[in-house]
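Take a look at the structure below.
The values are calculated or read from the model by the stated rules, or taken from the named source; none is laboratory data. Source: prediction; values computed, not measured. No Cβ is skipped: glycine too gets one built from the backbone with ideal geometry, and neighbour counts run over all protein chains shown. Just the protein is used for accessible areas: all its heavy atoms, side chains included, with ligands, DNA and RNA removed. Shrake-Rupley method; radii C 1.70, N 1.55, O 1.52, S 1.80 Å.
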Amino acid sequence: MADHKDLLDILRQTDGYLSGEELSRQLGVTRAAVWKKIEQLRQEGYEIDSVTRRGYRLTGIPDSISEAEVRANLSGKGTFGCHIVSLPSVDSTNEEAKRQGDAGAPHGSVFVADEQTGGKGRLGRRWVSAPGSGLWFSILLRPDVLPSEITGITLLSAVAVCRGIHALTGCDARIKWPNDVVIGTKKVCGILTELSAEMEHVHYLIPGIGINTNNGAFPPELSDRATSLKIETGQDVRRAVLLGKILEEFEDLYNRYGVSSFPEEYCSLCVSLGRPVSLTRGGRKLTGIAAGIAPDGALLVQTQEGEKIAVTSGEVVVQGFYGENCNGNYF
């Protein structure tokens with residue numbers, strides 16, 4: 001027997017009203033069953049208008065990250081989103097992806113949650129992701145490469161996020177090397193990539209992405225460092241629509257670049273380049289200018305002492321932006 005998701009699909013594809021009789025015929029159920037399914041959808045937040053002798057019409061869609069909503073916003077042509085796991089609450093979407101990756105979940109699986117209770121970030125930082133405030137998701141990848149060849153995936157993910165945000169909202173999202181997305185000088189997104197591998201084999205690779213979507217405000221200690229798409233646009237953002245756009249951009253980039261290189265577009269989006277930076281290396285504080293991005297994704301810094309160094313990890317503070325002790329969106 002058809003479930004209420006089948007009814008939702010029919011209503012999505014219809015501009016006007018559909019009578020209960022016609023819905024009953026298409027679904028192969030009774031009129032009473034149609035009414036029951038309508039009520040189920042209403043309880044989930046869908047707005048459905050009903051008019052005597054005309055029938056039912058879908059008039060409003062909730063900000064839901066259910067599997068049905070995510071699928072409805074995918075092109076349906078690609079690998080990413082072939083397997084979708086949507087959870088009301090989870091410790092971390094990366095942790096869920098690892099659990100299911102160990103259990104055999106396929107390449108391209110997507111794990112998304114309304115709330116994270118144990119989100120984590122670089123250097124073990126913790127972040128609690130409140131229900132409905134953001135888009136928290138992870139993508140499971142199974143590339144056929146050596147562990148040393150996955151250098152481009154975090155940078156590629158950042159480009160996909162920038163593209164998706166711009167396509168949906170028009171916001172000029174850019175990248176603070178290597179894994180933060182900013183609007184202006186404030187952070188709107190963080191990315192953390194994790195790996196399970198042996199010496200010569202990658203079991204799986206997981207980029208985890210967290211985006212501030214519908215936060216109306218931040219605590220005083222974060223207000224000068226963090227922003228959201230709602231703050232920037234003045235409007236609520238439907239998270240499933242944003243996720244669909246990012247996954248489509250991600251697939252396009254992944255098919256072209258894989259995990260071992262990154263789009264040239266990254267450099268044009270990177271706000272770190274050309275700016276004064278400071279970092280600590282070997283216990284010594286260095287200052288210089290961010291001069292470029294190496295083929296392996298490292299940040300090239302021209303120090304005040306005239307030395308050119310490649311920074312692959314650690315704390316890099318970019319002048320004019322928040323410091324790396326910011327408690328932004330981490331996984």
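Observations, loosely collected:
- Taking every C-alpha pair closer than 8 Å and separated by at least 6 residues, the mean separation divided by the residue count of the stretch 172-306 gives a relative contact order of 17 percent.
- For the residues Arg284, Arg174, a 1.4 Å probe over the protein chains yields an accessible-area ranking, largest first, of Arg284, Arg174.
- Helix 239-257 axis, angle to the chain major axis (alpha carbon atoms, nearest 10°): 50 degrees
- Per the Debye formula on identical point scatterers at the alpha carbon atoms of the stretch 254-300, with no solvent, log10 I(q)/I(0) at q = 0.29 Å⁻¹ is -1.08.
- Ranking Ile206, Gly216, Val188 by how far each Cα lies toward the positive end of the dipole of the stretch 149-273 (charges on Cβ) leaves Gly216 at the top.
- Per-peptide packing, taken as the mean over residues of other Cβ atoms within 10 Å, places 143-149, 251-257 in the sequence 251-257, 143-149 from highest down.
- 0 to 90° range, to nearest 10: angle between helix 93-102 axis and the chain longest Cα axis: 80 degrees
- Loop-located GluC sites (Glu not before Pro) in the stretch 187-247 whose Cβ has at most 15 other Cβ within 10 Å (DSSP): Glu200, Glu221
- Per the Kirkwood formula applied to alpha carbons, the stretch 1-79 shows a radius of gyration over Rh ratio, Rg over Rh, of 0.97.
- Magnitude of the charge dipole for the chain, about its Cα centre and with charges confined to Cβ atoms of Lys, Arg (+1) and Asp, Glu (-1), is about 520 debye.
- Residues whose placed amide H lies under 5 Å from that of Thr193, excluding near-sequence neighbours: Gly208
- Solvent-accessible surface of the stretch 168-324, averaged per residue with a 1.4 angstrom probe and all protein chains in place: 43 square angstrom.
- The angle between the Cα long axis of helix 31-43 and the main principal axis of the chain comes to about 30°, on a 0 to 90 degree scale.
- Taking θ as phi - 60° and the Karplus parameters 6.51, -1.76 and 1.60, the scalar couplings of the stretch 152-168 work out to x, 5, 5, 5, 4, 4, 5, 5, 4, 5, 4, 4, x, 4, 5, 4, 7 Hz in sequence order, x denoting glycine and proline.
- Filter on Lys36/Lys98; Lys176/Lys285; Lys245/Lys285; Lys36/Lys230; Lys187/Lys308; Lys5/Lys186 - keep pairs with C-alpha separation over 30 Å: Lys36/Lys98; Lys245/Lys285; Lys36/Lys230; Lys5/Lys186
- In the chain, a dipole from Cβ-located charges (positive for Lys and Arg, negative for Asp and Glu) runs towards its positive end, and of Ser86, Val277, Leu247 it is Val277 whose Cα lies farthest in that direction.
- For Ile48, the residues 5 or more places off, or on other chains, whose built amide H falls under 5 Å of its own are Thr59.
- Percent RCO, i.e. relative contact order, over the chain, from Cα pairs under 8 Å lying at least 6 residues apart: 16 percent
- Rh by Kirkwood over Cα pairs, then Stokes-Einstein D for the chain at 1.002 mPa s and 20 °C, µm²/s: 101 µm²/s
- Percentage of interatomic Cα-Cα distances in the stretch 195-331 larger than 28 Å: 34 percent
- Annotation: amide H-H contacts under 5 Å for His203 (H modelled 1.01 Å from N, sequence separation of 5 or more, or interchain): Ser196, Ala197, Glu198.
- Across the stretch 275-281, coupling constants 3J(HN,Hα) worked out from phi with the 6.51/-1.76/1.60 Karplus curve, θ = phi - 60°, read 9, x, 9, 9, 7, 10, 9 Hz, and Gly and Pro carry x.
- Scattering curve values for the stretch 137-235, log₁₀ I(q)/I(0), Debye with Cα scatterers, q = 0.21 Å⁻¹: -0.99
- Normalising the average separation of contacting C-alpha pairs (under 8 angstrom, six or more residues apart) by the number of residues puts the relative contact order of the stretch 16-149 at 17 percent.
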